[in-house]
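Read-outs throughout are calculated quantities, based only on the coordinates presented, and are distinct from any laboratory measurement. Everything quoted here is computed from the prediction, not taken from an experiment. When we count neighbours, we look across all protein chains shown, and the Cβ atoms used for this are built from the backbone with ideal geometry, even at glycine.
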Amino acid sequence: MNILNAYSRFLNALTKILKAVVCFLLAAMVLIMFYQAMMRYVFSNAQPWCEELTLYIGIFNVMLGLGIASRMDSHLQVDFLTRLYGPKLRCLMTAVWAIVSIVIMIVFAYYAVSLIGKATARSVTLPITMAHVYTAFPIGAAILVIYSIEIAARNIVGFLHGGVMPALPGEEKGGEQA
C-alpha cells in the first residue's frame, strides 16, 4: 500500500504540472486565435500560420489531457451497466478496462513512434516537420499508461477489499467505487 501511495503522490505532482501546461497551451491557443481575428477583420491581413499552430497546440493539449481526464474519471463514457453492479464487481471491471487501456496505449505508442521515424512532410506555414507534431501521440500514450497503472492498482486493491477503494494521499479515507 505504501508503494501505491508513493506512486499516487508522484501522480499528484505530475497532474499539477500537466494542468499548468494544459492551461498555458489553452491560453496560447486563445491568444493566437484572437491575434488571427484581429489581423483578419481589423487589419485585413490574415496570418496563415495562426490556424495551423493552434491546431497543433490543440493536438498536444488533447494528448496531455488524456491522463488527467482518466485519473479524474471525467472521460465521456456510457456507465449505465457499471452502475448496475455492486462496488466489488465495479472495481474489477474498472481494473480490467484500465489494463486493456494500458495494452492499447502501448500498441498505439509503438506505432506512433514508428510514424515519427517515417514522417518527412513539413508544415505548410511553420518551420517544423510533422514528426514534431506526431511526438504528441507517444507522449500522450505514455502519460495515459502512467495514470492507468494507478487506476488498475487502486481498483484491484478495492476489489480485494470488498469494493472499498484505498484513499488517495490527501484524502481522509477510501470509499466505494463511484
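Averaging the sequence gap over all C-alpha pairs within less than 8 Å and six or more residues apart, then dividing by the number of residues, gives segment 10-63 a relative contact order of 38 percent. Pairs of Cα atoms nearer than 8 Å and 6+ residues apart set the relative contact order; for the chain it is 27 percent.
Considering only LEU160, ALA28, PHE108, the residue lying farthest towards the positive end of the dipole of segment 2-160 is LEU160, judged by Cα position with unit charges set on Cβ.
Of the peptides 84-96, 13-25, the order by per-residue mean of other Cβ atoms within 10 Å, starting with the highest, comes out as 84-96, 13-25. Summing Cβ point charges (Lys, Arg +1; Asp, Glu -1) relative to the Cα centre of segment 47-178 gives a dipole of roughly 280 debye.
Placing unit charges on the Cβ atoms of the charged side chains and taking the dipole of segment 2-160 about its Cα centre, the candidate lying farthest along the positive direction among ASN5, THR135, MET38 is ASN5. Mind pulling the angle between the C-alpha long axis of helix 48-71 and the longest principal axis of the chain? Nearest 10 degrees, somewhere in 0 to 90. Around 0 degrees separate the two axes.
Helix 136-160 and the longest principal axis of the Cα set of the chain meet at an angle near 10°.
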